[in-house]
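Notes for the one structure printed next.
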Amino acid sequence: MEWLIFGFLSSWAILSVFGVLFLKNPVHAILSFVSLILAVAGMFLHLGAELLAGLQLVIYAVAIVVFYVLVITTVPWEKVKRFEGFYKKELIFGFPVLLLAFVLFAYAVLKGNFARVGMAVENNPKAVGKAIFTTYLFPLEVASVILLTAMLGAILLGRKEE
Amino acid sequence: MQELVSIQLPDLRLVLPELTVLITGFMLFSLELLFKRLSHAIAISVSLVGYLIALLFITFMPAKGETFFGLYHRDGFSSLLQFFMLLLTMVLLGFHLIYYRKKRSLYGEFYYLLSFALLGGMFLVSSYNLIVLYVALEAVSISFYILTALLRSDFSSKEGAFKYLMLGGLSIALASYGAGFMYLYSGSLDLRYILTHVGENQYFLVLGLVLFLIGFAIKIGAVPFHFWLPDAYQGAPTPITAYMASVGKLAFFAPLVRLMPYVQEHFAYAWVATVSIISAITMLYGNLVALVQKDVKRLLAYSSIAHSGYIMAGIAVAQLIGLKAVIYFLIAYALMGFGSFMVLALLERSEGWENRLEQFSGLRFSAPWLAVSFMLMLLALLGVPPTVGFVGKALVFMSLSSGSLWWLAFVMIVATGISTGYYLRITALMFMRNPSTNLQLALTGWEKALIALLTVSLVLLGAVPIILWGFISPSAENLFVR
């Protein structure tokens with residue numbers, strides 16, 4: 001049963017990825033990106049990481065996709081270069097690199113020393129919240145300064161010169 | 001609820017300097033929001049007072065230890081680097097106003113962006129934790145990207161900032177990829193634990209360490225990862241270039257320095273090979289390319305790359321003497337680099353000055369004292385006794401010989417020989433030619449005093465190195481205590 005769910009979710013995810021790559025209309029591409037996010041969120045749920053699934057939906061499916069749609073609607077599409085078939089040279093160079101990265105990653109996942117898997121699965125929103133507001137409070141606070149700086153910079157550089 | 005309350009509260013006394021800088025930043029932020037046209041005198045004095053208080057906290061409250069559950073670590077090393085960061089930021093605030101006014105790029109946001117950059121740097125020098133290092137690295141870098149782009153209607157400033165943004169993003173991605181492998185190896189995020197941990201799959205550690213090093217090599221501008229540096233340094237407003245070359249270098253080198261005492265037998269070969277090869281290429285390439293530059297700002301940017309190479313040569317020697325040499329050279333370069341870029345910032349204020357090499361000819365007639373200070377700074381960068389650059393280079397050379405990295409010491413001598421070509425050429429142009437352009441330069445009393453202070457400190461710290469050594473030596477030994 002577990003393998004069935006995993007097989008369904010992963011084939012769904014792979015199909016959506018190809019949709020993002022090959023659909024010509026940008027809005028369709030975004031829609032299949034949303035479908036990819038749903039598939040990944042489903043995988044997280046299936047692994048018992050309900051907080052991660054929820055965050056995936058809230059942050060990616062809502063915030064980031066809305067942002068993408070906003071960008072797409074402001075781009076003047078008649079000026080944009082159209083899809084011109086496969087990039088063969090890039091494929092030849094890119095494929096070995098991707099394969100190497102994949103093999104490395106797969107090996108790391110299989111053999112790596114993950115810290116105590118299965119400890120935080122029970123009630124993980126509470127566990128994550130506790131970790132963020134006690135042990136990892138310090139980086140969280142620094143991250144808030146980063147976000148403030150980045151926002152200020154975006155406003156400052158995007159502003160029209162007087 | 002009960003267990004949340006029982007958790008011990010972090011010891012905020014240790015982070016008082018950082019808290020002061022943070023509060024200063026937010027005060028500047030809210031003042032700027034409240035008063036639409038905030039007077040620059042007020043902004044400068046608020047920043048100066050804040051940084052001065054932080055400086056006093058560092059000097060007179062030498063509390064040491066760890067807090068925030070081991071994520072924040074204050075020791076002699078971090079206090080020393082933070083002291084110089086704060087000092088250089090304060091000196092910068094004495095210089096920037098007229099430059100920015102001349103370039104019509106005076107933004108009120110400058111002040112708190114500067115304080116957030118400083119804050120990120122102060123965090124970066126005081127942690128062993130990979131997550132904190134990542135977050136602090138982002139904090140410094142994002143402030144630097146914005147500060148680099150803040151030159152009104154100047155294309156090269158935007159271009160430099162964009163290149164910096166792209167390669168900076170790549171560097172952080174690589175460093176966090178490496179951090180991921182280190183985590184997989186040991187199951188911990190603390191660098192001290194990771195590097196002393198003995199487990200299976202040690203190539204995870206080596207791979208992670210090499211990727212982490214490459215990520216930081218991009219940030220410090222080591223060859224072959226330096227492509228952003230000349231463009232960003234040339235495009236940025238010159239006071240910000242000085243800031244990146246001093247405070248930026250201090251911050252970005254600190255995590256590598258913190259790694260040095262934990263280099264163990266079983267991966268020392270990876271460390272020595274990676275660092276020494278990068279260092280040798282960096283020294284030679286930086287100096288050779290600087291030799292053919294016609295633009296002095298770009299020339300000094302390449303000289304900054306070469307100095308990253310010298311510092312990395314010290315890092316390759318993972319021993320106590322190497323550690324001391326690296327800290328000395330870092331502080332020395334922060335002072336020299338800051339001073340030399342600041343002289344350019346002063347010169348750029350005069351009409352028609354474009355930092356071209358031939359414009360420096362006969363500078364001694366139009367600005368005699370500035371020419372003398374610039375000459376002393378260039379001689380310090382070259383490493384002539386009794387300046388601070390000489391002591392730094394001598395210490396790195398000594399540590400290379402005690403670590404029996406003779407080939408690297410030889411490369412360093414050759415690189416220094418090459419660098420004579422361009423440092424002495426500028427000096428000769430300034431003092432042995434007749435002036436080509438008519439230079440009008442009006443310096444305020446503050447600027448004269450600060451340039452004099454920087455020059456005197458370069459000579460004084462070189463002639464009496466024990467002043468700095470007295471602080472460096474115990475803090476370096478403290479880093480080596482497990």
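The values are calculated or read from the model by the stated rules, or taken from the named source; none is laboratory data. Predicted model only: the values in this text are computed from it and were never measured. Cβ: placed from backbone, ideal geometry, glycine included. Neighbour counts: every protein chain shown. Calculation scope for accessible area: heavy atoms of the full protein, side chains included, ligands and nucleic acids excluded. Shrake-Rupley method; radii C 1.70, N 1.55, O 1.52, S 1.80 Å.
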- Quick one: which residues, 5 or more positions from B:Tyr72 or on another chain, have an amide H under 5 Å from its amide H? H modelled 1.01 Å from N in the peptide plane, none for Pro or chain starts. B:Thr67
- Exposure of B:Phe110 as accessible area (Å², to 10), given a probe of 1.4 Å and all protein chains: 10
- Message: Cβ neighbours within 10 Å, averaged per peptide: list A:101-107, B:239-245 in order, most packed at the top.
- Response: B:239-245, A:101-107
- Semi-axes, largest first, in whole Å: what does sqrt of 5 times each Cα gyration tensor eigenvalue give for the protein assembly as shown? 42, 30, 26
- Alpha-carbon spread of segment B:246-346, three principal axes, descending order, Å: 49, 24, 18
- Could you run the Karplus curve 6.51 cos²θ - 1.76 cosθ + 1.60 with θ = phi - 60° over segment B:300-316 and give me ³J(HN,Hα) per residue in whole Hz, x for Gly and Pro? 5, 5, 5, 5, 5, 4, 4, 5, 4, x, 4, 5, 5, 4, x, 5, 4
- Query: A:Lys126 to A:Leu157: FRET efficiency via 1/(1 + (r/R0)^6), r the Cβ-Cβ distance, R0 45 Å, to the nearest 0.05?
  - Reply: 0.65
- Query: What number, in percent, do you get for the relative contact order of chain A if the mean sequence gap of Cα pairs under 8 Å and at least 6 apart is divided by its residue count?
  - Reply: 16
- Query: Using DSSP loop states and a limit of at most 13 other Cβ atoms within 10 Å to flag GluC sites (Glu not before Pro), what is the longest stretch of chain B containing no flagged site?
  - Reply: B:1-199
- Task: Evaluate the relative contact order of chain B (contact order divided by residue number), counting alpha-carbon pairs under 8 angstrom at least 6 apart; express in whole percent.
- Result: 14
- Message: Given a 1.4 angstrom probe, what's the average accessible area per residue across chain A, in square angstrom?
- Response: 74
- Message: Counting pairwise Cα distances across chain A, what percent come out greater than 30 angstrom?
- Response: 39
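Hand me the GluC sites (Glu not before Pro) from segment A:21-113 located in a DSSP loop with no more than 16 other Cβ atoms within 10 Å, in residue order please.
A:Glu84
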- Query: What is the calculated FRET efficiency for B:Trp407 to A:Thr73, with r their C-beta to C-beta distance and R₀ = 56 Å, to the nearest 0.05?
  - Reply: 0.40
- Message: I'd like the mean, over residues of B:136-142, of how many other protein chain beta carbons sit within 10 Å of each residue's own Cβ.
- Response: 5
- Of all trypsin sites (Lys or Arg not before Pro) in segment B:238-307, the ones in DSSP coil with at most 15 other Cβ atoms within 10 Å are B:Lys294
- Note on the structure: Count of lysine pairs, chain B, Cα-Cα under 15 Å, sep. 8 or more residues or interchain, comes to 4
- Quick one: among A:Gly129, A:Gly48, A:Gly94, which has the greatest mean-square fluctuation in a GNM of chain A with alpha-carbon springs under 10 angstrom? A:Gly94
- Taking Cα centroids, how far is segment A:31-74 from segment B:232-308 in Å? 40
- In order through segment B:99-115: 3J(HN,Hα) via Karplus (6.51 cos²θ - 1.76 cosθ + 1.60), integer Hz, x for Gly, Pro: 4, 5, 5, 4, 8, 6, 10, 7, 10, x, 6, 3, 5, 7, 4, 4, 6
- Given +1 on the Cβ of Lys and Arg, -1 on the Cβ of Asp and Glu, and no further charges, what dipole in debye does the protein assembly as shown carry about its Cα centre, rounded to the nearest 20? 1280
- Number of partner chain Cβ atoms within 10 Å, mean per residue of B:117-129: 2
- Interface area, A with B, accessible, probe 1.4 Å, both sides summed, Å² nearest 100: 3200
- Query: Based on Cβ point charges of +1 for Lys and Arg and -1 for Asp and Glu, what charge dipole magnitude is obtained for chain B about its Cα centre, in debye rounded to the nearest 20?
  - Reply: 1160
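Which sequence of B:Trp446, B:Trp469, B:Trp406, B:Trp353 reflects their accessible areas, 1.4 Å probe, from the largest down? Could you put the intermediate results ahead of the total?
Numbers: B:Trp446 185, B:Trp469 65, B:Trp406 145, B:Trp353 25 Å².
Descending order: B:Trp446, B:Trp406, B:Trp469, B:Trp353.
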- Item | Å² per residue, accessible surface of chain B at 1.4 Å | 36
- Give the peptides B:314-322, B:223-231 in descending order of average Cβ contacts within 10 Å, highest first. B:314-322, B:223-231
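Tell me the Kirkwood radius of chain B: reciprocal of the mean inverse pair distance over distinct alpha-carbon atoms, in Å.
Taking every pair of different Cα atoms in chain B, averaging 1/r and inverting gives 22.7 Å.
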- Cα-derived Rg over Rh, computed across segment A:1-85 with Rh taken as Kirkwood radius: 1.07
- Student exercise, chain A dipole from Lys, Arg, Asp, Glu Cβ charges, in Debye to nearest 20: 320
- Query: Hey, any idea what the orientation-averaged projected area of the convex hull of segment B:132-191's Cα atoms comes to, in nm²?
  - Reply: 4.0
- Item | Partner chain coverage, peptide A:153-159 - average Cβ within 10 angstrom | 4
- Residues of type aspartates and glutamates that A:Lys130 reaches as a straight line, Cα spacing below 14 Å, ignoring anything fewer than 8 places off in the same chain: A:Glu122, B:Glu3
- Message: Straight-line reach from A:Lys88: which lysines fall under 25 Å, measuring Cα to Cα and dropping same-chain residues less than 8 apart?
- Response: A:Lys24, A:Lys79
